[in-house]
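*Asks:* Before we start, here is the structure in question, set down as structure tokens.
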Amino acid sequence: MKIAIIGATGFVGTNILNELSNRNHEITAIARNPKDEGKSNINWVKADINNVEELSKILSGNDVVVSAFNPGWTNPNIYEDFLSGAKKIQEAVKLSGVKRYITIGGAGSLFVAPNLQAVDTPDFPKEIFPGASAARDYLNIIKEEKELDWAFFSPAFEMHQGITTGRTGKYRLGLENPVFDENQRSILSGEDLAVVIADEVENPKHHQVRFTAAY
């Protein structure tokens, strides 16, 4: 398959790139600062996501677009930049003619109780609230999208570089609620997040819905 990955140099994007590359797909790796590692099935492209027309031309001809876009958790304007960037990427995908679009959002919009999303709980970390809130608001925007065959992925609550389980290839799927293990932890490594996304690329199960995964 031909797959475009937006944000291919970030933590999530790098893991997805490695997994799909290792499965021998043809990748267009899109980043602000590309890093060519010499793999024959990866074509690195420098692009500004705010240039919708340029981005749409880069995406054209692919089977799937995967977006791991994140303007940076330390970005003081992360709320505005995330929403603006996500909407422009969505517009570019539509303009490109690619129908299948998978975007990585946040876990904060998962429901931990009826009508209560994690981002609205008292103990939700204040330092990531703006980014999590933006991802939640973008989920509500993309839910109105009727033209694209989109899927919005919410990672596990614990999904960061400190997770050392590596690639197990094992996970359990969910939709609106977090997936907890026997210790009531919602946890997943970056490598296994990439397995989830790669499996969804190859065997689509989620169409115009949000989904999640954890061990």
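The values are calculated or read from the model by the stated rules, or taken from the named source; none is laboratory data. Note that the structure is predicted; figures quoted are calculated from it, not measured. Because the Cβ atoms are built from the backbone with ideal geometry, glycine has one as well, and the counts that use them run over all protein chains shown. These accessible areas exclude ligands, DNA and RNA; they are computed on the full protein's heavy atoms, side chains included. Shrake-Rupley method; radii C 1.70, N 1.55, O 1.52, S 1.80 Å.
*Asks:* Relative contact order for segment 123-201 using alpha-carbon pairs under 8 Å, separation at least 6, rounded to a whole percent? Spell out each step's value before the answer.
*Replies:* Numbers: 50 pairs, mean separation 23.6, N = 79.
That works out to 30 percent.
*Asks:* A further question follows. Once you order the gyration tensor axes a ≥ b ≥ c over the Cα atoms, which shape class does segment 1-50 get: rounded for a/c under 1.5, otherwise prolate or oblate by comparing a/b with b/c? Provide the component values of the computation, followed by the final result.
*Replies:* Values: a/c = 1.62, a/b = 1.49, b/c = 1.09.
Prolate, since a/c reaches 1.5 and a/b exceeds b/c.
*Asks:* Which order do you get for MET1, MET159 if you rank them by accessible area with a 1.4 Å probe, largest at the top?
*Replies:* Working: MET1 85, MET159 35 Å².
Reading off the accessible areas and sorting them downward yields MET1, MET159.
*Asks:* Expressed in nm to one decimal, what extension gain is obtained for the pair ARG172 and LYS126 from 0.36 nm per residue of sequence separation less their Cα-Cα distance?
*Replies:* Values: separation 46, 0.36 × 46 = 16.56 nm, distance 2.82 nm.
Between ARG172 and LYS126, full extension yields 13.7 nm more.
*Asks:* In whole Å, largest first, what are the principal axis extents of the Cα atoms in segment 46-149?
*Replies:* That works out to 45, 29, 16 Å along the principal axes.
*Asks:* Using a 1.4 Å probe, how large is the accessible area of HIS25, given in Å² and rounded to the nearest 10?
*Replies:* Approximately 20 Å² of HIS25 is accessible to the 1.4 Å probe.
*Asks:* Taking the Cα atoms only, what angle lies between the long axis of helix 78-96 and the longest principal axis of the chain, rounded to 10 degrees?
*Replies:* Here the helix axis deviates by roughly 40 degrees.
*Asks:* Right, here's the next one. Can you give the % of DSSP beta bridges in the chain that are antiparallel, to the nearest 5?
*Replies:* Taking every DSSP beta bridge within the chain, about 15 percent pair in antiparallel fashion.
*Asks:* Could you work out the per residue convex hull volume over the alpha carbons of segment 1-105, in cubic angstrom? Write out the running numbers ahead of the final one.
*Replies:* Values: hull volume 9.3 nm³, N = 105.
Cα convex hull per residue, to the nearest whole number: 89 Å³.
*Asks:* Tell me, what % of the accessible area of segment 66-166 is carbon and sulfur with a 1.4 angstrom probe?
*Replies:* 53
*Asks:* Any idea of the accessible area per residue across the chain, 1.4 Å probe, to the nearest Å²?
*Replies:* On the way: 10210 Å² over 215 residues.
On a per-residue basis, the chain sits at 47 Å².
*Asks:* Given the options TRP44, ALA118, THR14, identify the residue whose Cα lies farthest towards the positive end of the charge dipole of the chain (+1 on Cβ of Lys, Arg; -1 on Cβ of Asp, Glu).
*Replies:* TRP44
*Asks:* Same structure again: How would you classify segment 117-215 from its alpha-carbon gyration tensor, with a ≥ b ≥ c the square roots of the eigenvalues: rounded for a/c under 1.5, else prolate if a/b is greater than b/c, otherwise oblate? Intermediate results must be reported in sequence, preceding the final value.
*Replies:* On the way: a/c = 1.89, a/b = 1.06, b/c = 1.78.
Oblate shape, in that a/c is at least 1.5 and b/c is the bigger or equal ratio.
*Asks:* Separate question: Kirkwood hydrodynamic radius for the chain: how many Å is it when counted over pairs of different Cα atoms? Don't skip to the end; give the middle numbers.
*Replies:* Details: mean 1/r = 0.0581 Å⁻¹.
Computed over Cα pairs of the chain, the Kirkwood hydrodynamic radius comes out at 17.2 Å.
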